[in-house]
1. Looking at the range 44-75 only, could you name the residues that are aromatic (Phe, Trp, Tyr) and either closer than 22 Å to Arg24 by Cα or loosely packed, with under 14 Cβ neighbours inside 10 Å (or both)?
2. Please verify whether Tyr82 is of a type outside the set (Asp, Glu) and surrounded by fewer than 17 Cβ atoms within 10 Å (Cβ to Cβ), treating the condition exactly as stated.
3. Taking strands (runs of 3 or more DSSP E) that do not extend beyond the range 11-115, which have at least 2 residues that are at pLDDT 95 or above and of a type in the set (Val, Ile, Thr)?
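The values are calculated or read from the model by the stated rules, or taken from the named source; none is laboratory data. Everything numeric in this text was worked out from a predicted model, so none of it was measured. Positions of Cβ are backbone-derived with ideal geometry, glycine not excepted, and every protein chain shown enters the neighbour counts.
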Amino acid sequence: MAPFIFDTYFRNEKTSHVEMDRERLSVKYERYSDKIPYVPYLFDTPTFAQMFDFLESRCMPRGRTCLPDYLKCMHLSEYNPYDIVQVTHGVMWEDYLWLKFPGEEITWDEVKVRD
């Protein structure tokens, strides 16, 4: 299984780089900001479980009433935070933090849900 790699951004500012090794359950984490909420974690070594929790926090809740409808709209058959954030870029209404994946040439203006 390939590592799950992404960068976090606060609007258009790159704030961290993450590599999650799903076989070894380990994380490589480089933080480029000391500001909250610009980065997932202010400490340098989040655990795999903490980083997975971060990804899941960027998804709709597992218990959401219309979850099957949301998944269908995303062309997903099951609730999987890795797959969900690749579709949604982890964008939330409440903040300006989002995820960008290797090879993507997108900006905040293309993924934001509000100004």
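1. At the first step, the residues of the range 44-75 found to be aromatic (Phe, Trp, Tyr) are 48, 52, 54, 70.
If the condition is that a residue be aromatic (Phe, Trp, Tyr) and either closer than 22 Å to Arg24 by Cα or loosely packed, with under 14 Cβ neighbours inside 10 Å (or both), then Phe48, Phe52, Phe54 are the ones that fit.
2. Values: of a type outside the set (Asp, Glu): yes; surrounded by fewer than 17 Cβ atoms within 10 Å (Cβ to Cβ): yes.
When the stated conditions are applied, Tyr82 passes them.
3. Values: elements: 13-21, 26-31, 97-100.
Once the strands (runs of 3 or more DSSP E) in the range 11-115 are filtered for at least 2 residues that are at pLDDT 95 or above and of a type in the set (Val, Ile, Thr), what remains is 13-21.
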